[in-house]
Each structure stands twice: as structure tokens, then as C-alpha cells.
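Asks: Before I ask anything, here is the structure I am working with.
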Amino acid sequence: MSWQDQGSSDGEDNNRRPNPWGKPEQKPQMPWGSRKSSSRGDGPDLEDLIRRAQDGFQGFSGGTGKMLAIGVLVAVVLWLASGLYFIQPNQNGVVLTFGKYAHTDEVPGLKWRLPWPIQSVNVIDVTAERRIQIGYGESGRRGQADLPDESLMLTGDENIIDIDFVVLWRINNAKDFLYSIRDPEDTIRLVAASAMREVIGKTKIQSALTEGRNQIQTDTRALMQKTLDDYKSGVTINNVQLQKVDPPSAVVDAFNEVQRARQRREELRNLAEAYRNDIMPKAVGESEKLRQQADGYRQEVVNRAKGDADRFNSVLEAYKGAPSVTARRMYLETMEDVLKNANTIVMGSGAAGNVLPYLSLDKVQKSPKLGEIPQATVGEAKP
């Protein structure tokens, strides 16, 4: 019989499809076999595995489940405690919620925020004075290293000058400092170099090397503060200090020689000014003294002339009234003036006349010494 005939005769009762190899098709079996085969060790028993899993879960939910719950609770407490932070008096805390700015804590003390990843905080010192060096840097044991790219600048009279300076600054707004500019310290450095170049570009080299240093520092600080305020950097510039202002090293010797000559000129000018200040008051005083003496002499001569003129006028009026009497009086006054300082000797008449000195009581002090013949007016005495 062919395999087709066998298949057709067998398949009418059990509805099994014919097998092309002449064997009846078997029912599909479970991959782990039947329960009977599992008892012989041929494969795992599904019911047994389920039962074991249920027993293990019940045991776990008894003792180990409580420990797991306690562990979860402790983890939650620690997570919440991680939101605590402390603000010092010199600090500010900037709080972010999902990376976006929320608020700034400025009051010192213990603070709390929602733990990560909900909120985070950046605590920053806002009172410390920070320092940035421009034009030079640290070079280990060798000390300070010059940075020509930063220090060499062009003055207003087109001379090159080497400048090293320091910028002292602090934070005045923590939020702006952290989130308004990308690299605050590098920004401050660039702004400082730019501001100094602008100020030096308006200043002559002689002024920058001598009396203009304070003005350069003031102008640079003001320009830096204005620029950083425009950037909303949250920074206050406390001071700008010039550390070195010199000509380039290649011409420093020649420049120092010129400076010494200028200093010598200033010394001579100061000496001349000191001598002028010393001699001028004396000259002014002497001239004033001579002027006052001349004024006094002029007044004296004028007054004397006026007095003589008034006297002459009075005598003239008297002469007009009584000419003879006035003439006699004038004669007597004239003789009195002529003879008042002369010693008078009275001589008797005749050859044997005695010489009698006439001593006026008011002229005793002027009488001649004994043995001396004074020079006097000699006349004859009347008998």
C-alpha cells in the first residue's frame, strides 16, 4: 500500500493529517516534558517552580521586607538632609531650580533647599578682595616674569612704554557674577588691559612717568567700572595700582640719561626759585624802607618850606606896619643867632686894659680850659 492510502485510511477517525514519511503525526509536547517525565528527572516541573517562588516571596516579605522599608526610609531622610547648607556672613548662596535661577540667600545661617536634582546651590564669597596682575606673572623661583603682550603700550605722543599694574576687585552681585559672564576673571583681565591702553593712549610719556600716575590709575578704574557695569558682571573695582612704569628695556639706558638731565634741570630751577624767594622779600622790604624815608624827607622839606613862607609873610606884614622897629628886631635876632655860639671876652680901654672873660651861666659847660685862649669876639669896653 502506498503512503497516501495509509494516510487516508488512518486519518478518518482521529483527524490527523497524513505524514509523508509514513508515520502518524504525534501531539506536540511541552518543552519541559510531562509531569511524569519530570518525576524521572527528565526536566523541571512548572508547578514546582511557581510554588517555590511563592514560598520565597512570602519569606522575603516577612523579615527582609521590613529591613528594606527601613533602608528606603533612611535613604529618603538622607536625601532630604542633603538639602541643608550654611551661609557665612561673608557669603551669598545662589539657588537654582532645575538649573534655572530661583533666588539668592544673603542672610547668614543654616538654610534648606530641595535636594538634588530638583534644586542646587552655589555658595560664593562676596566680601573678599581679589587680585589680578596685568603685564607680569609668577615664574617660580625666578620671581616675576614680564609679559610683553600685556605690558607694552603706546602713549599719546607715540612712545612705547612698559606698564605693570594690579587690579583689586570684589563681587557685589553673586547672581550676575556667576551667570551673566562666562569667565569673570578672564573678562576682568581683558577689560583692565583694554582700559589701561585707552588711558595711556591719551597720555604723554613724560606725564605717565612722573606726575600723571595717580590720574592714570583713577581714569583706568573709572573706565573699567563703567565697562563691567555695562556687562552686568556683578563686580566692583576697588583700586588700580601701577607697579612699574618704564620705557622698554632696549632703550632704558638712554631714557634714564635723559631723565637725569631733566632732574638736574629741575634741581637748578628749584635752586633759582629758592634764591628768588629769598632775595625778593628783602628787596621789596628795602625798597619800601627807602620809599618811606623819601616820603618822610619830602614831608619834612615841604613843611619847613611852608613854615618859612608863613614866617616870612608874618614878618612882611609886621615890616609894613613898623619898618624901623621890625628892621631893628631882625638885626638883633640875626646877631643873636650869630653870636650865641661864640665866647665873649670883655677888654678894658687903654694899653693896660684888663682882659675879663664874660661867662654866661648857660654857657659854663662850653667855657675854655685853663691856659687856653678861646677864639672869641674882641671888643673895647667903654669907660
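Asks: Please tell me which of these pairs span more than 30 angstrom C-alpha to C-alpha: 100/226; 289/340; 204/282; 202/244; 175/226?
Replies: Numbers: 100/226 28 Å; 289/340 38 Å; 204/282 40 Å; 202/244 18 Å; 175/226 19 Å.
With Cα atoms farther than 30 Å apart: 289/340; 204/282.
Asks: Another question, if that's okay. Within 10 Å, count the other beta carbons around each residue, average over each peptide in 300-313, 191-204, 97-110, 241-254, and list them highest first.
Replies: Working: 300-313: 10.0, 191-204: 18.9, 97-110: 11.6, 241-254: 13.3.
In descending order of packing, they fall as 191-204, 241-254, 97-110, 300-313.
Asks: Mind giving me the FRET efficiency for residue 260 and residue 182? R0 is 56 Å, r the Cβ-Cβ distance, nearest 0.05 is fine.
Replies: On the way: r = 49 Å, r/R0 = 0.87.
Computed FRET efficiency for residue 260 and residue 182: 0.70.
Asks: Ok, one more. Which ³J(HN,Hα) values in Hz, rounded to whole numbers, follow from the phi angles of the range 282-299 under the Karplus curve 6.51 cos²θ - 1.76 cosθ + 1.60, where θ = phi - 60° and Gly and Pro get x?
Replies: 5, 4, 5, x, 5, 5, 5, 4, 4, 5, 5, 4, 5, 5, x, 4, 4, 5
Asks: For a footprinting-style exposure proxy, rank 86, 165 by other Cβ within 10 Å, fewest first.
Replies: Values: 86 11, 165 23.
If I rank by nearby Cβ atoms, fewest first, I get 86, 165.
Asks: Now for a separate question. Limiting things to C-alpha atoms, what are the Rg and the maximum Cα-Cα separation (Dmax) for the range 62-106, in angstroms?
Replies: Taking only Cα atoms of the range 62-106, I get Rg and Dmax of 17.0, 53 Å.
Asks: Here is a follow-up. At 0.36 nm per residue, and after removing the present C-alpha to C-alpha distance, how many nm does the segment from residue 90 to residue 299 gain when stretched out fully?
Replies: Values: separation 209, 0.36 × 209 = 75.24 nm, distance 8.33 nm.
Going from the current span to full extension adds 66.9 nm.
Asks: What is the distance in Å between the Cα centroid of the range 155-225 and that of the range 277-301?
Replies: The range 155-225 and the range 277-301 have Cα centres spaced 58 Å from each other.
Here, each number is a calculation from the coordinates, and none is a lab measurement. Small disclaimer: the values here were computed from a predicted structure and weren't measured. Heads up, the Cβs are rebuilt from the backbone with ideal geometry, glycines too, and the neighbour counts pull from every protein chain shown.
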